[in-house]
Structures are given as C-alpha cells and as structure tokens.
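First the structure, in the form of structure tokens, and then the observations on it.
Since every read-out is calculated from the coordinates, none of them should be taken as a lab result. If you're wondering where the values come from, they're calculated on a predicted model, not measured in any experiment. So basically every Cβ, Gly included, is an ideal-geometry build from the backbone, and we count neighbours across all protein chains shown.
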4 protein chains.
Amino acid sequence: MHLKYNVFAGESLERLAALSDGLFAVALTLLVLDLHVPVVEHIHGERDLASALLTLTPRLVPYLMCFLTCGIFWVGQQTQFNLFTKADRNLAWIHIAFLFAVTLLPFSTALLAEYLTFRTALLVYWFNVLLLGLGLYASWRYACHAGLTKPEVTPEHDAAVERRIVVAQTLYAAGAALCIINTYWSIAFIFLLQLNYAVAPRIRPLYRL
Amino acid sequence: MHLKYNVFAGESLERLAALSDGLFAVALTLLVLDLHVPVVEHIHGERDLASALLTLTPRLVPYLMCFLTCGIFWVGQQTQFNLFTKADRNLAWIHIAFLFAVTLLPFSTALLAEYLTFRTALLVYWFNVLLLGLGLYASWRYACHAGLTKPEVTPEHDAAVERRIVVAQTLYAAGAALCIINTYWSIAFIFLLQLNYAVAPRIRPLYRL
Amino acid sequence: MHLKYNVFAGESLERLAALSDGLFAVALTLLVLDLHVPVVEHIHGERDLASALLTLTPRLVPYLMCFLTCGIFWVGQQTQFNLFTKADRNLAWIHIAFLFAVTLLPFSTALLAEYLTFRTALLVYWFNVLLLGLGLYASWRYACHAGLTKPEVTPEHDAAVERRIVVAQTLYAAGAALCIINTYWSIAFIFLLQLNYAVAPRIRPLYRL
Amino acid sequence: MHLKYNVFAGESLERLAALSDGLFAVALTLLVLDLHVPVVEHIHGERDLASALLTLTPRLVPYLMCFLTCGIFWVGQQTQFNLFTKADRNLAWIHIAFLFAVTLLPFSTALLAEYLTFRTALLVYWFNVLLLGLGLYASWRYACHAGLTKPEVTPEHDAAVERRIVVAQTLYAAGAALCIINTYWSIAFIFLLQLNYAVAPRIRPLYRL
C-alpha cells in the first residue's frame, strides 16, 4: 500500500503562523484606505481643516473596533499555537477557514459603522465574530483530539482555553440579543466587552473567567 | 578560476517561505476590496439593507473559490518545503514564477465569477490553475533532481507528491473539458473537487489517491 | 482554583514581531498607491512627460517622510524586542496599540503634505509621532517591570533606551512648538531631526544622547 | 560614560529579512490591482470577451517585468543576508533605503509600460534599477567593512558578489544608453538581460561573470 499524501501534508506550524500574521497585518490596514485627506478646494483656513478632521473622527471608531476584534482573535490564535507542537492538513484548513472570517471583518465592521441603528448590520457583525469564535474552538478541539498539543498542556490549559472562547461568545451573543431593545445597547455592550478583553485592568467578575 | 555567484545565491528556504506567505496573505485579501458597503442613499429600512446584502452574496462565491484555490496550493507548497533542506537559485526562481501565477488568481477568479456562462472565462481560470500545478510539479522535480530534499524523503514520498499533483491536474482538466457541454457543469465539478481537497472527510475513491 | 487563560496568553514574541513586520511593510507601501502615472491624453512629447513627472515630485516628499518615520520606529521596536526574552498578553496589547498608531501614519503624513502651512495638520502629525513614542515607552517600562527583558540587559541599556525616547520626543515637541512662528520652521526642524536619526554621521551633540 | 543607544540598536537580521519579505510581497501584488475584469456591458459573446482579454494582454508585460526585477533584487538581498551574521543600525537603514527604491518599482515600471517610446520613462526606470543596485552595493561594502559577514565568507565570495552587482549595473547602463538609438532597443536589451538573470540556462559569456 502506498504512502498517503495527506499524512505528511501541511505540517508546518511556522508557515501557518506566518500566513496568519501576514493576513492579519493586511486586514488591520485595509480600513485605513477609507480615511481620505480632506479635499483642498473646501478648505480655506485652520477652522475649515479642524472641522473637516472632526467630521472624519467617527470613521476612526469602526477602525478602532476592527483593530480590537482583530487583536483579540490574533492573541487567541497565537496562544493556541504556542501550545501546539505541529500542524497537520486538517488544522491548516481549519485556520484557512478562520482566516476567511478574518478577511470579512473590515467589511462587517464598516457595515456596522455605516448602519449603526440597523439590526441587520449588527447581526452580520455578530455572525462574523461568531465565525471567528467557532474557528478557534474547532482549532483547539481538533488539536487536542489529534494529539497536536505540547506534552506540558494540562487539562487546566484545555479548560481555560475552552472556557475563554465559550464565555466570550456567550457574552457576544447576549450583546447581540440586546438589539431587541436597541442596537446602541448592543454596540455599547460589545465595545466595552472587547475593550475589557484588550485592556489589562479587567472587570473583576469577568477576570476570574 | 573564480567562485561563481550563482553557486551560493538564493539558498534561504526560510525567506522563500516568508515571501510566499506574505504574497499569499495579500492575494487572499485582494478580493475583499471588491466588497463595498451598500450606499446609504438607497437604504431606507431594515428590508432595504437585508436585500442589498443578499444581492451582494454572489460576490462571496468567487471570494470563497479564490480562498479554496489559494489554500490548496499554499498547503501544497508548504508540504514540499517541509521536505526540502535548503533552496538554491533555480528553486527560488521556480517559486517566483509560481507566485506570479498566484497573484493572477484573484483576477481570473473574478473573471469567472462575472462571466459564469463563458467558456473563455472558464478556460482562463483553468489555465491559471494549470500554471499553479506546473509550478509545484517543476519545484518538486527540480528539488529531487538537485538533491535539495531531506534524507528522510523516501521514493514513497516522491510518488505521493507527484501523484497528488498529476491526479488533481487531470481532474481539473476533465472539469474544464466539461465546458463542451456546459460551463455550469465545469464550475460545479471544479468547485466540488476543490472542496474535496480542502475538507477532511473526502470522497472515498479520491482519498486513496 | 483554576488556571487563568491570561497567564499563558500572547507569549510569542516571534509572532508579535511577524505581525509588526507585516503591518510596517503594508504601511510603507500604502502611500505609493497615491503615485499615478501621468494620463496619456495630456502628454504629447518628452517635455510634457518630464514636466508632468516634475510636478509629481512633491508627492515624493511625504512618501519619504513616512518612510523615515516608519523606519525610525521600526528600528526602535526591533531594538527593544532584541532585549526581551518573551512577550505576554499585556505587552502584546501595548504593541497592538502601537501598530494602530503606525497605520495612521500614512494618513497624517499625507495630511501634512497637503496642508503644509496649516498648524492643525502639523499638530495632527506631531500627535501621531507622540503616540508612537508613548507606545514604545510603555512597552519598555512594562517589559522591565514585568521581568520580560533578557538577563544581560543592564541598567545602562535601560537608561539608554529611555533616554533615546525621551530626548527624541522632547525634540519633536520643540519642533512642533516652532509652528507658533511658522509651520515651515517646524517641518524643516522635524525633517532634519528624522534624517539625523536615520543617517549614520549624526550631529555631534545629539549623537552623544 | 554611558552606553550609546546606537551601539545595540537594529541588530536583528531576521526582522530586517521579514520586513523586506513583507514589502516585496506587497510590491509584487500592487500591479495586479491595475488588472480589471472587462465591463459586462461591452461583452455580448465569447468573441467579445476573448478580444477584450487580448487587449488586456499588454498590461501583463510590465507586470512580468516588475516581477522579474523584484525577483532579481530579492534574490540578491537574500544571498547577502545568508552571508551575514547579524545586522546593525546602519545596515538596517541601508536596507530601509533599498526598500524605498523597491516600492517605487511598480510606479516606474507602469510608467515605462505606458510610455514605451519616451526616453524620459526609460531613464526613470533605469534610475530606479540603479538605486536598487546602489543599495545592494552599499549593503555589501558596509557589511564587509563593519565585520558583519560570517567567518566562512572568503575574498572569493566578496569578489563574486561585487562583480555580479557591477557587471549587472554596467549592462543595465549600456541598455539604457541604447535609447540614444531607440527606446525599443533599450527595452529589449534590458528585458533579455533580466530574463537571463532569472532563467537557469544562461548565456555562456555572461554565465562566467
């Protein structure tokens, strides 16, 4: 019987990491292409320029949100990779699917920013974040199952990684559900949640999770 | 007699891998630039936005196809690199040519998506996939010939890599040939073929190849 | 008590470096998208082309400034990373915030180039550079505090890194303050300062800092 | 006396390589943004599409030229890096300047492609290639001078690297000088020269150089 190609395909964790880092780097800079310098014809003095820049400020919000979300999932992916010894074909494809969801993030963030009061926009954004969470969850479950994790990975690590994903996704879903009342409540809740995951001094009860 | 430059040029496999990862990352995100948030003027309610997003959905198909194809050939290249000890000038240029074909992929995928019923578009797309296959085939043949493979690479590895490329390209060619009947048959066949190469539980008879 | 996710999250310094290199690479090429080949209809001879290219030359200046600034802060970040043993979650987020400021640089440089005589544009640019400095300062202070530096890092290294950031930022602030007289003085001062940090034979009194 | 920052700044050769690979990857894909799928309104049958694609073919030529030039200088940079042990601040800045010339390449290639018969366009392109050559030359001379090369680098290596750069640049200059007769002669000469440096079976007399 002959050797199957899939047995030895896609084993490099380093290259999977490098592809991901490149893709995250591009995704993080895509939204900056939407920031345009104010047109010269409309600017006649310092005041005009200052007010033109002020009207541009709201564009920075989705940009910052996209950065936060990308950062959160980049840290999440990196943390898993640090606990793996190698990859295999299936893990590679799980992460290619995860990266697909990453490339959609600039679009769904821009959509939310443009249609702040629309539930449709909020649900698209939430669905994108859900896909990211599912990607990381599938990656972790598969790697544990296929024996790709390092020997020093304890059941405590396993529980901690899984808990983090499940808790975060539950909170995101709760945030999205708030749109029944009002999309602003949803957005504020999700934004504060993301900030909490990024900034060090986290809210106590969440920290323990 | 003096030392020839070409003898020691282009030997870093790591840098060839890094250049490829960067280029694949950019190619994977190029198509997302075509996704535009619906224009505010035309949207007067949730329904308008939902239907505007639905009309955008077909744009996701080429995007997904491009991702699948890029993923397949990225895994293919990576698998070969894992079996090489180092590169040389010629291998570097084979892969630069391969990367040239990679950068054309967003274009040929978008062309196919726009002209689904046109044989010309289908043949351009198939030709692009053929170029990718030729690139990987040339890379493997050259590396074996020039002694760049690791000592643990057995004739079984050699056979498995070559078989994978030849079988896949034969199936792609068969898929392309279906356009004599109808381009939809071709596209469906190629899409299912790519999905099969990506998703783990593969169709049995192909799996054995 | 269970293991906290944050204890082992985000530890890979290599991936933080790879993300940064990718993002710097994209930021360095973003401004080149603004360079457009002169339109054929307006060019009737060598002279027309030569003068069309000459009118394009001023666009190279912000491009060069952006390159200088990116280069200075890339070298600064890299120098710190060489003195660290590993990263942690907080350091990762400090650098994600730093990278956020990096992606704004093409915008603020283009703004300054378009509005050379406007104090608002100069202050935006200076604020961006200040953010970059704060990012590197926070990174260094945090890493020293959290014990992430290599054993061979001496108090002299510590002093040298900190001094470099503080002196450079003081000079940038002084340059920005010159806009009270005239923005051209500010720009000339900042440009010469950046050139000094980039080019090897530096001005003597600054060199000692 | 205190430790100077510049003594230990910018030492990571790996990060310089990663920055370069990212930037080359972006530069290689920039020109593909100019390839647009033919507009649907003008296409009424297979013939229309085929002829629309044929009229697009000339756009592939500058694209291929840019790929060749980028490839040549990427291999050149990589070959040098393989012979270095580490970088320092000055080497880092030499390569940041080199990368500046790399980002200009898509522009100068597109300019040449648009204005094939204009000496101005040819001289701009040649000047860009000259800058790239100067960058690599400065890098090699500086690294040898500053003791950054590996112990196994012999005077033969030194001679081979330098000879390659000087011979190539002399031939490029000769090619550019041919524009006194006709720009087509120049372009053909430079294109064949680049192809010779890329493709393995090189012209005999050049091979020995």
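List of remarks:
- Shape summary: segment B:89-202 maps onto an equivalent ellipsoid whose semi-axes, from the alpha-carbon gyration tensor, are 29, 17, 11 Å in decreasing order.
- Restricted to Cα atoms, segment A:1-121 shows a radius of gyration and a Dmax of 20.4, 79 angstrom.
- Net lengthening on full extension, B:Thr55/B:His36 (0.36 nm per residue, minus Cα-Cα): 5.7 nm
- Long hydrophobic helices in chain B: the complete DSSP H runs spanning 27 Å or more by Cα along their own axis with mean Kyte-Doolittle hydropathy of at least 0.0 are B:46-82, B:89-114, B:119-146, B:155-177.
- Helical contribution to [θ] at 222 nm, DSSP H n ≥ 4, -39,500 (n - 2.57), averaged over chain B, rounded to 500: -25500 deg cm²/dmol
- Charge tally in the Cβ shell below 14 Å around A:Leu31, where Lys, Arg are +1 and Asp, Glu are -1, A:Leu31 excluded: -1
- Measuring between alpha carbons in the structure, the pairs from B:Lys150/C:Lys150; A:Lys150/B:Lys86; B:Lys86/C:Lys150; A:Lys150/D:Lys150; C:Lys86/D:Lys150; C:Lys4/C:Lys86 lying more than 24 angstrom apart are B:Lys150/C:Lys150; A:Lys150/B:Lys86; B:Lys86/C:Lys150; A:Lys150/D:Lys150; C:Lys86/D:Lys150.
- Put simply, the amide H of C:Val153, placed in the peptide plane, has no neighbours under 5 Å, leaving out anything fewer than 5 places away on its chain.
- For D:Phe84, the amide hydrogen comes within under 5 Å of the amide hydrogens of D:Lys150, counting only partners 5 or more places away or on other chains and with H modelled in the peptide plane.
- Computed over segment D:67-209, relative contact order equals 30 percent, with contacts defined as Cα pairs under 8 Å that lie 6+ residues apart.
- Total formal charge among the other residues, if their Cβ is under 14 angstrom from that of C:His157, Lys/Arg +1 and Asp/Glu -1: 0
- Surface/4 estimate of mean projected area, convex hull on alpha-carbon atoms of the protein assembly as shown, nm²: 38.7
- Only alpha carbons enter this Debye calculation for chain D, each as an equal point scatterer, and the log10 of I(q)/I(0) it gives at q = 0.16 Å⁻¹ is -1.10.
- For C:Cys179, the shell of other residues with beta-carbons less than 13 Å away shows a net charge of 0, using +1 for Lys and Arg and -1 for Asp and Glu.
- Distance between segment D:130-169 and segment C:109-169 - C-alpha centres, whole angstrom: 34
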